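Encoded as structure tokens, the structure appears first; notes follow it.
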Amino acid sequence: MALSGTIQDALNEHINQEFQSSYLYLSMSAYYESINLPGFAHWMRVQSQEEYGHSMNLFDFVNDRQGRVMLQPISQPTLEFQSPLEVMQQSLGHERQVSQLIHRLYEVAVQEEDYPTQVHLQWFITEQVEEEKVASNIVEQLKMIGSKGDALLLLDRELGARSAVPADCRAPLRMASQPSS
Ligand SMILES: [Fe+2]
Ligand SMILES: [Fe+2]
């Protein structure tokens, strides 16, 4: 079953959205570098790679369905932030928006009776639960830390230990039934 024009447009829009997320997290990584929190910077950089992987997953899916990928412009991300906490709060807010977009995309797939797209999007729906949980945990920890510098440095060490996304980040995504992170 080939992709309908409606689904193809919606998937292309979401490919762009994931690239947008990747670019935003890279900007957040640059901010953390600038305030000397290399662990947070590393964590955001890995997050940026993960979002790139999400784009590429949909890129492959559109091609596998004999659709046409049409890349759109990526806009400039937020450059400045007030604090380590504000960055994570924005990241959490962003992930909540992405979840809503994926739910809307799923609704389009239901309306179009496109079952392969519905199945494919289920991985993304589960992944968003994880994304929101992880971002919200870090927000809560940063609130607890407040202005305690030693506790902040401890969390920085912990986030710095996040393992990198494999070079071919789409491979595990295409095979995995469960999100890995
Ligand atoms: Fe994503
Ligand atoms: Fe994730």
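The values are calculated or read from the model by the stated rules, or taken from the named source; none is laboratory data. Just so it is clear, the structure is predicted and the values come from calculations on it, not from any experiment. Using ideal geometry, Cβ is built from the backbone for each residue, glycine included, and neighbour counts are taken over all protein chains shown. Heads up: the accessible areas ignore ligands, DNA and RNA and are worked out on the full protein's heavy atoms, side chains in. Shrake-Rupley method; radii C 1.70, N 1.55, O 1.52, S 1.80 Å.
Farthest toward the positive end of the dipole of the chain, out of Ile102, Phe124, Pro84, is the Cα of Pro84, where the dipole comes from beta carbon charges about the Cα centre. Rounded to the nearest Hz, the phi-derived 3J(HN,Hα) couplings of segment 147-161 under the Karplus curve 6.51 cos²θ - 1.76 cosθ + 1.60 (θ = phi - 60°) are 9, 7, x, 5, 5, 5, 5, 5, 5, 4, 4, 5, 5, x, 8, where x marks glycine and proline.
So with the 1.4 Å probe, I'd like the accessible area per residue for the chain, rounded to whole Å². Please report the intermediate quantities before stating the final value.
Values: 9760 Å² over 181 residues.
Heavy-atom accessible area per residue stands at 54 Å².
Result for the chain in a Gaussian network model with C-alpha springs under 10 Å: among Met70, Met144, Met56, the largest mean-square fluctuation is at Met144.
So if I place +1 on the C-beta of Lys and Arg and -1 on the C-beta of Asp and Glu, and nothing else carries charge, what would the dipole magnitude of the chain be about its Cα centre? I want it in debye, nearest 20. Before the final figure, lay out the partial values.
Working: 12 positive and 24 negative charges, 58 e Å.
It works out to roughly 280 debye.
In order along segment 11-25, the phi-based Karplus estimate (6.51 cos²θ - 1.76 cosθ + 1.60, θ = phi - 60°) of 3J(HN,Hα) comes to 5, 4, 4, 6, 4, 4, 4, 5, 5, 4, 4, 4, 5, 4, 5 Hz; Gly and Pro are listed as x. Each of Leu37, Asn63, Ile7 was placed along the dipole of the chain (beta-carbon charges, centred on the mean Cα), and the one lying farthest toward the positive end is Leu37.
Sorted on the mean count of surrounding Cβ atoms within 10 Å across their residues, most packed first, peptides 117-126, 149-158, 7-16 read 7-16, 117-126, 149-158.
The convex hull around the C-alpha trace of segment 119-167, projected and averaged over every direction, spans 4.4 square nanometres.
Report D for segment 16-63 in µm² per second (integer): Stokes-Einstein, Kirkwood Rh on Cα pairs, 20 °C, 1.002 mPa s.
Numbers: Rh = 10.8 Å.
For the chosen part, D equals 198 µm²/s.
Overall dimensions of segment 65-158, expressed as equivalent-ellipsoid semi-axes from the Cα gyration tensor (√(5λ), whole Å, largest first), are 35, 16, 11. Dimensions of the chain along the principal axes, based on C-alpha atoms and rounded to the nearest Å, stand at 57, 31, 29, largest first.
With the cut-off at 13 Å, report for segment 1-43 the share of all Cα pairs above it, as a whole percent. Let's see the in-between values first.
Details: 559 of 903 pairs.
Roughly 62 percent, once rounded to a whole number.
Quick note on segment 7-95: its Rg to Rh ratio, both from C-alpha atoms and Rh being the Kirkwood radius, is 1.06. Counting only alpha carbon atoms, the long axis of helix 38-64 and the longest principal axis of the chain meet at about 0°. Using Cα-Cα distances under 8 Å and only pairs 6 or more residues apart, what relative contact order does the chain have, in percent? Reported relative contact order: 31 percent.
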